[in-house]
Amino acid sequence: MTAHLPSALLKDDAPVKLIDPARHRLWPILETEEKQAVERVLSRGVLSGNFAPEALALQEEFSEYVGAKYALLTHSGTSALILALAAAGIGPGDEVIVPAYTFVATAQAVLSVGATPVFADVDPRTGLIDEQEVVRWLSPRTKAIMPVHVHGCPFDIDALKKLADARGLILLEDAAQAHGATYRGKPVGALAAGGGFSFQSSKNLGAGEGGIYVTGELERAELANQVRNFGHDLSLAEGRLNDLRRPLDGWRSLNSQRLGSMYRGNEMMAALARSLLKKLPARTRAAQENAARLSARLAKLPGVLPPHVPEDRTTVHHKYRVRIDRKAAGLEEFSATVVRDALLSALKATGFEATLWERAPQTHHKIFSEAKNLPESVLENYKARFPKTEELLDGSFLLFTQSCPLIAQDAETVDAYASAFERFWEHRRAIVLSAAKAG
């Protein structure tokens, strides 16, 4: 997208920088403690293993952080979701309801256990799965619902748990973006049958790659541990029998009982995540305070809708999505995408970190749009419109990016964003008019 700026935002034919790009902080922020954590692993010389010391310690610390009884380290957030599904008994022939608005890893995890993802529309204010849309796509083959705490804002767990219980379904949590978010005062992730978090670099707990599966049930934890270890008949309790200095040396032969793979994480990632976890609560509070101030100011501008957060939960603002009410903004004669694209390109040209994240419902992916040999109801789902997801995506953009997210910025930068956006918004009509005329 090429920015078409009015003269008020140009100086010597160059865009005026409302925000100095150099003031943005890159993410993740790695300090002395993180380097020392990785050096600790290198000095020890133990780099991996099911019962390696850093992995065991991280599992204990993270389970305490989210209020789970059990946590298992994985090599990605996607593999954490695979464990959640496998531990719930999801497999071939089963259908799992997931949101039409998410990252494709949610649906790919379902495919990875041999099941079929079926998509449901979302609330356009929050991007969270719509309970009535879940009901719309239930079939006799539906075995589970796996909504997403998208952008770090929890879905309505109690409502969906009630629905799942009434229909004999399993509720799982895709908490990849939601470390530290709360629903009715409780941390998310372990409030259903199981959940998965991601440690990928852009996440609020970004340790490069990695993930973690959490659950409150021993039986599910044991099954998940087997699946992440080639399906071996391996018990969690056996960790106490191992020499932590030599975690690759087994004390008995293992027998694969079921389909599995090598989904474990590694020691350097675990050590890095442990160090970052200590800092996460303070960083989360700062991000929430900064977001609250930014939202309060943006909400005063005509047609600007900051992230909507239901009163019974807290978000961690992994992503900060701004929606545009074209009528209130005086831009209703233009299409939603014309307005979105014109404003986004102008924001980027004038120094803001701004972007799109997902541009269409998940069914636009070829793996779904060209799917064949599936039940008719699934094929109908893959060809359906998801108007609320489209409304959300066509009429909004993200302030801040994965490289420079909100959580990485200091209070002064966030306050500068508010002031700069107020100035930017004065020129919204001229920006969109200029883009529309340019075609």
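The values are calculated or read from the model by the stated rules, or taken from the named source; none is laboratory data. Keep in mind the model is a prediction, meaning the values are calculated, not measured. Positions of Cβ are backbone-derived with ideal geometry, glycine not excepted, and every protein chain shown enters the neighbour counts.
Among the residues of region 203-220, how many are in contact with a Lys or Arg (Cβ under 9 Å, 6 or more places away or on another chain) and surrounded by fewer than 24 Cβ atoms within 10 Å (Cβ to Cβ)?
3
Report, by residue number, each residue of region 17-46 that is part of a loop (DSSP other than H, G, I, E, B), at pLDDT below 95 and surrounded by 12 or more Cβ atoms within 10 Å (Cβ to Cβ).
Correct list: Val46 only.
Looking at (1) assigned to a loop (DSSP other than H, G, I, E, B); (2) in contact with a Phe, Trp or Tyr (Cβ under 9 Å, 6 or more places away or on another chain); (3) surrounded by fewer than 21 Cβ atoms within 10 Å (Cβ to Cβ); (4) not aromatic (Phe, Trp, Tyr), which is the only condition Gly265 fails?
Status for Gly265: all satisfied but (3).
Conditions: (1) surrounded by 22 or more Cβ atoms within 10 Å (Cβ to Cβ); (2) of a type outside the set (Phe, Trp, Tyr); (3) farther than 18 Å from Arg285 by Cα. Lys161 meets all but one. Number of the miss?
That leaves (1) as the condition not met.
Give the residue that is surrounded by the most Cβ atoms within 10 Å (Cβ to Cβ), with candidates limited to residues of region 238-262 that are at pLDDT below 90 and among the polar types (S, T, N, Q).
Among those residues, the one meeting the criterion is Asn242.
A quick yes/no check of all residues on (1) outside any strand (DSSP E or B); (2) in contact with a Cys (Cβ under 6 Å, 6 or more places away or on another chain); (3) not polar (S, T, N, Q); (4) not assigned by TED's automatic domain parsing to the domain that holds Pro361:
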position	(1), (2), (3), (4)
Leu83	yes, no, yes, yes
Val98	no, no, yes, yes
Thr106	yes, no, no, yes
Val110	yes, no, yes, yes
Gly127	yes, no, yes, yes
Gln132	yes, no, no, yes
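Which condition number does Gly93 fail, the rest of (1) touching a helix residue (DSSP H, G or I) at 6+ places or on another chain (Cβ under 8 Å); (2) outside any helix (DSSP H, G or I); (3) within 30 Å of Ser139 (Cα to Cα) being met?
(1)
Condition first: of a type in the set (Ser, Thr, Tyr), assigned to a loop (DSSP other than H, G, I, E, B) and surrounded by 12 or more Cβ atoms within 10 Å (Cβ to Cβ). Can you find one or more residues in region 282-300 that meet it? Step through it out loud before you land on a result.
Kept after step one, since they are of a type in the set (Ser, Thr, Tyr), are these residues of region 282-300: 284, 295.
With assigned to a loop (DSSP other than H, G, I, E, B) added as a condition, the list becomes none.
No, the conditions are met nowhere in region 282-300.
Which number in (1) under 21 Å from Pro307 (Cβ atoms); (2) in contact (Cβ under 8 Å) with a residue 60 or more places away in the chain; (3) in a loop (DSSP other than H, G, I, E, B) marks the one condition that Ser139 misses?
Here Ser139 meets the rest and fails (1).
Quick check on Phe352: is it part of a helix (DSSP H, G or I) and either surrounded by 18 or more Cβ atoms within 10 Å (Cβ to Cβ) or in the same structural domain as Pro154 (by TED's automatic domain parsing) (or both)?
Numbers: part of a helix (DSSP H, G or I): no; either surrounded by 18 or more Cβ atoms within 10 Å (Cβ to Cβ) or in the same structural domain as Pro154 (by TED's automatic domain parsing) (or both): yes.
Answer is no for this residue.
Lys162: of a type in the set (Lys, Arg) and either assigned to a helix (DSSP H, G or I) or not assigned by TED's automatic domain parsing to the domain that holds Leu138 (or both), yes or no? It would help to see each step written out before you state the result.
Values: of a type in the set (Lys, Arg): yes; either assigned to a helix (DSSP H, G or I) or not assigned by TED's automatic domain parsing to the domain that holds Leu138 (or both): yes.
Answer is yes for this residue.
For region 46-58, state whether one or more residues are among the acidic types (Asp, Glu), on the phi < 0 side of the Ramachandran plot and in contact (Cβ under 8 Å) with a residue 12 or more places away in the chain. Reasoning before the result, please.
At the first step, the residues of region 46-58 found to be among the acidic types (Asp, Glu) are 54.
Pick out the ones that are also on the phi < 0 side of the Ramachandran plot and you get 54.
Narrowing further to those that are in contact (Cβ under 8 Å) with a residue 12 or more places away in the chain: 54.
Scanning region 46-58, I find at least one residue that is among the acidic types (Asp, Glu), on the phi < 0 side of the Ramachandran plot and in contact (Cβ under 8 Å) with a residue 12 or more places away in the chain, so the answer is yes.
For His151, work out the one condition from (1) in a loop (DSSP other than H, G, I, E, B); (2) surrounded by fewer than 24 Cβ atoms within 10 Å (Cβ to Cβ); (3) at positive phi it doesn't fulfil.
Of (1) in a loop (DSSP other than H, G, I, E, B); (2) surrounded by fewer than 24 Cβ atoms within 10 Å (Cβ to Cβ); (3) at positive phi, only one is false for His151: (1).
Test Leu393 against the criterion of being part of a helix (DSSP H, G or I), surrounded by 17 or more Cβ atoms within 10 Å (Cβ to Cβ) and in contact (Cβ under 8 Å) with a residue 12 or more places away in the chain, and give yes or no.
Against the criterion (part of a helix (DSSP H, G or I), surrounded by 17 or more Cβ atoms within 10 Å (Cβ to Cβ) and in contact (Cβ under 8 Å) with a residue 12 or more places away in the chain), Leu393 qualifies.
Looking at Ser235, is it in the same structural domain as Ala71 (by TED's automatic domain parsing) and buried (at least 21 other Cβ atoms within 10 Å of the Cβ)? Even if it seems obvious, please write down each step before you answer.
Values: in the same structural domain as Ala71 (by TED's automatic domain parsing): yes; buried (at least 21 other Cβ atoms within 10 Å of the Cβ): no.
So Ser235 does not fit the description; no.
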